1. Suppose we filter the range 77-99 for residues that are in contact with a helix residue (DSSP H, G or I) (Cβ under 7 Å, 6 or more places away or on another chain) and either hydroxyl-bearing (Ser, Thr, Tyr) or at pLDDT below 95 (or both); how many remain?
2. Scan the range 109-116 and give yes if some residue there is more than 14 Å from SER24 (Cα to Cα) and either within 16 Å of the chain's Cα centre (by Cα) or at pLDDT 80 or above (or both), otherwise no.
3. Would you mind finding the one in ASN39, ASN5 that is outside any helix (DSSP H, G or I) and either without any contact (Cβ under 8 Å) to a residue 40 or more places away in the chain or surrounded by 13 or more Cβ atoms within 10 Å (Cβ to Cβ) (or both)?
4. Determine which single condition PHE99 fails, assuming it passes every other condition in (1) under 17 Å from the mean Cα position of the chain (by Cα); (2) open to solvent by 50 Å² or more (accessible area, probe 1.4 Å).
5. If you check ALA45 against the conditions, is it under 20 Å from GLN8 (Cα atoms), free of Cβ contacts under 8 Å to residues at least 24 places away in the same chain and open to solvent by less than 50 Å² (accessible area, probe 1.4 Å)?
Amino acid sequence: MRDANWVQFTRVSFFVLAFIFSVSVALQVLIAGIALFVNTGGWAAHASFARYFAFIPLIMAIMAWMGGLSRRMLRKSMGLFGMVIGMFLTAVLSSRIGFLSALHPVIALMLFWGSVDMIRSGIRSKINAH
């Protein structure tokens, strides 16, 4: 049996991390936009900022498992992490396989949408629980 306080902590942590991740993805897109339209020196910031939040979905998956969240939330977290890997691959391989570069912003949209969907699911489950 799990301690109720620990379960509550891991579940809240999961959704806080989902929020941080979605804000980070939005900031990452903003940094890319600045690099593209304002100052090309921003590409270094775009490349380095991703490293700070890339593992958040993996931590979310651990929190989902530890908090007894649904398997769906666990799968979504792992899916986000898989998309993060896809982002890195499209960035690294885009010079060799040009069409991959077109997937890079599409995956960013999916990352943002996926993390916001997880937050909304958490809010809905709290509303439905009361």
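1. Residues in the range 77-99 being in contact with a helix residue (DSSP H, G or I) (Cβ under 7 Å, 6 or more places away or on another chain) and either hydroxyl-bearing (Ser, Thr, Tyr) or at pLDDT below 95 (or both): 7 in total.
2. Taking every residue of the range 109-116 in turn, none turns out to be more than 14 Å from SER24 (Cα to Cα) and either within 16 Å of the chain's Cα centre (by Cα) or at pLDDT 80 or above (or both).
3. Of ASN39, ASN5, the one residue that is outside any helix (DSSP H, G or I) and either without any contact (Cβ under 8 Å) to a residue 40 or more places away in the chain or surrounded by 13 or more Cβ atoms within 10 Å (Cβ to Cβ) (or both) is ASN39.
4. Of (1) under 17 Å from the mean Cα position of the chain (by Cα); (2) open to solvent by 50 Å² or more (accessible area, probe 1.4 Å), only one is false for PHE99: (1).
5. Judged against the criteria, ALA45 is not a match.
The values are calculated or read from the model by the stated rules, or taken from the named source; none is laboratory data. Since this is a predicted model, take the numbers as computed values, not measurements. Note: ideal-geometry Cβ built from the backbone for every residue, glycine included; neighbour counts use all protein chains shown. All accessible areas refer to the heavy atoms of the entire protein, side chains included, with ligands and DNA or RNA removed. Shrake-Rupley method; radii C 1.70, N 1.55, O 1.52, S 1.80 Å.
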